[in-house]
Amino acid sequence: MSMRINCQLYLKQSRLAGFFLCCALLLVACSEPAAPTDNFSLLQAKRAEQQGLVSLALPLYQKAAQQGDVAAVSAVMRLQIPNVGVAALGEWLQRLPLSSQQKQPFLAQLGLWQQVPAEEALLYQQRWHNSILHQSLQPQSQCALHLQPVLTTQQSALQWVQLQQQWREDPQLSSLAICFQAPMYLDSQILGCSEQRAERIQCNVKPLASLVLQSDVTHLLVIAGQGGASYNNGWLQLPENATLPLLRHELSHLFGFMDEYPLAKAIAGSECVPGRITPNLLFSKNDLPAYLAKWQLKHSDIQLTAVDSCKHTSQQAYRVVAADSHLQYYELPMPDLYLELMQQQLRQPSQLMPVAYYFAYLARQQQEWDRWQQLMRRAASSGYPPAQQALTEASGSGVGRTIR
């Protein structure tokens, strides 16, 4: 009798898809009777998903979850995390008839760390990383640059473990004197990274700035949110599903490399200026002698090739290698010359802008002068000359009138 009622409900919701699904479930139920303790909605959902009917499986999983079935909650999380924001899933999770202990693994999975006891949170994080994290770190004596990973969710943690393994196996990246600190975790709601796939990821700055002030962090690698990756003055931002080629592309920007595809008009207007020398682009052939002198190269080491970086201006840009590179299409290989130029810069890592300098600039925009000074001191302590100069000027003329 109950099977017929279910079939009528399906027919009301969808005369075609529901009919075939219900009939399939009836056949299974008749030939393989479920144990009395099994959640029938969960069984229906599994059958639907096995048939590729995810749109029918999801509401069935949700129904079973609302009945307190932990396995169904796991299934909903698996299907919904790529499509629904952390906040929405967190609110849904809190409404379920589960105990606090049952909810903890799911709250941790979403990076809602303030809702998980501190000791339990640490256990989850250690379990995700295990020994792979420590095996992938270079000896500290070989580190010219330290990158601080900042993670939120289980997905970002597992992705970071995978990226580290791939880094170790990449002959170019593993040759760089770059080390990764043990990851730090921020609550996903506090960090608040956006999840719009068609847009660049945006996160709250203040939690990251506080993290920088409380540690010796010079450069951040944030893996959180969904959407486009970016680099912003000492801050690498990657989505939770980031690949190694994407990390390599954004890391190149840390060393001053510029994109070799058309820059946005506003950016191109300020960047495409003759006389400006970057590792991979020239904006005038007249700058070639200065470029060769700066990077200690010979004419035979380079091959000027026109690219579209400055397409939206009247300026023509030239890269210094012939073949398309990972700065035009991030999946492509990195030229050996670019690797050599990165290694040159790692011999003077204090010249690379620390993220504290950028955060100090943002504090100045908000006229938070005490915070500006704290962050600028942090940047100066890493040896970054513009930060040291800014503090010198501030001590003589007052921080409120400092431009930097």
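Name the residue, out of 277, 302, that is in contact with a Phe, Trp or Tyr (Cβ under 9 Å, 6 or more places away or on another chain), aliphatic (A, V, I, L, M) and either modelled with pLDDT of 95 or more or closer than 30 Å to residue 166 by Cα (or both).
It is 302.
Taking segment 259-291 on its own, how many of its residues are in contact with a helix residue (DSSP H, G or I) (Cβ under 7 Å, 6 or more places away or on another chain) and outside any loop (DSSP other than H, G, I, E, B)?
2
Yes or no: segment 244-255 includes at least one residue that is surrounded by 17 or more Cβ atoms within 10 Å (Cβ to Cβ), on the phi > 0 side of the Ramachandran plot, modelled with pLDDT of 95 or more and in a loop (DSSP other than H, G, I, E, B).
No, that holds for no residue.
May I ask you to list the residues in segment 74-104 that are more than 26 Å from the chain's Cα centre (by Cα) and either over 26 Å from residue 189 (Cβ atoms) or not small (Gly, Ala, Ser) (or both)?
Across segment 74-104, the qualifying residues are 94, 95, 96, 97, 98, 101, 102.
Of the numbered conditions (1) touching a residue at least 24 places away in the same chain (Cβ under 8 Å); (2) not assigned by TED's automatic domain parsing to the domain that holds residue 156; (3) not polar (S, T, N, Q), residue 277 fails exactly one; give the number of that condition.
It fails just one condition, (1).
What number of residues within segment 332-366 satisfy the criterion of being more than 30 Å from residue 305 (Cα to Cα) and free of Cβ contacts under 8 Å to residues at least 24 places away in the same chain?
So the answer is 2.
Out of the residues in segment 55-111 that are part of a loop (DSSP other than H, G, I, E, B) and hydrophobic (A, V, I, L, M, F, W, C), state the one that is surrounded by the most Cβ atoms within 10 Å (Cβ to Cβ).
Among residues in segment 55-111 that are part of a loop (DSSP other than H, G, I, E, B) and hydrophobic (A, V, I, L, M, F, W, C), the one surrounded by the most Cβ atoms within 10 Å (Cβ to Cβ) is 110.
Mind listing whichever residues of segment 223-242 are under 19 Å from residue 82 (Cα atoms) and either without any contact (Cβ under 8 Å) to a residue 40 or more places away in the chain or buried (at least 23 other Cβ atoms within 10 Å of the Cβ) (or both)?
Listed by number, the residues that qualify are 223, 224, 225, 227, 228, 229, 237, 238, 239, 240.
Restricting to segment 226-256, give me the number of residues that are more than 24 Å from residue 154 (Cβ to Cβ) and of a type in the set (Ser, Thr, Tyr).
2
As an exercise: evaluate residue 262 against (1) touching a Lys or Arg at 6+ places or on another chain (Cβ under 8 Å); (2) within 30 Å of residue 165 (Cα to Cα) and give the number of the one condition it does not meet.
Failed condition: (2).
Starting from segment 50-62, keep only residues that are under 27 Å from residue 97 (Cα atoms), then list their pairs with residues that are among the β-branched types (Val, Ile, Thr) and surrounded by 20 or more Cβ atoms within 10 Å (Cβ to Cβ) whose Cβ atoms are within a distance under 8 Å, requiring at least 6 positions of separation or different chains.
What qualifies is 58/76; 61/76; 62/76.
Picking from 283, 255, which residue would you name as being in contact with a Pro (Cβ under 7 Å, 6 or more places away or on another chain) and within 15 Å of residue 326 (Cβ to Cβ)?
Every option except 255 fails the conditions.
Select from segment 112-131 the residues that are modelled with pLDDT of 90 or more and in a loop (DSSP other than H, G, I, E, B) and list them in ascending order.
Of everything in segment 112-131, those that are modelled with pLDDT of 90 or more and in a loop (DSSP other than H, G, I, E, B) turn out to be 112, 116, 117.
In segment 378-388, is there at least one residue being in contact (Cβ under 8 Å) with a residue 40 or more places away in the chain, small (Gly, Ala, Ser) and under 26 Å from residue 218 (Cβ atoms)?
Yes - at least one qualifying residue is present in segment 378-388.
Does residue 324 satisfy the criteria of being surrounded by fewer than 19 Cβ atoms within 10 Å (Cβ to Cβ), out of contact with any strand residue (DSSP E or B) (no Cβ under 7 Å at 6 or more places or on another chain), under 21 Å from residue 173 (Cβ atoms) and not assigned by TED's automatic domain parsing to the domain that holds residue 214?
Yes; evaluated as a whole, the condition is true for this residue.
Which condition breaks for residue 308 when tested against (1) within 24 Å of the chain's Cα centre (by Cα); (2) over 17 Å from residue 254 (Cβ atoms)?
(1)
The values are calculated or read from the model by the stated rules, or taken from the named source; none is laboratory data. Just so it is clear, the model here is predicted, and its values are computed rather than measured. Heads up, the Cβs are rebuilt from the backbone with ideal geometry, glycines too, and the neighbour counts pull from every protein chain shown.
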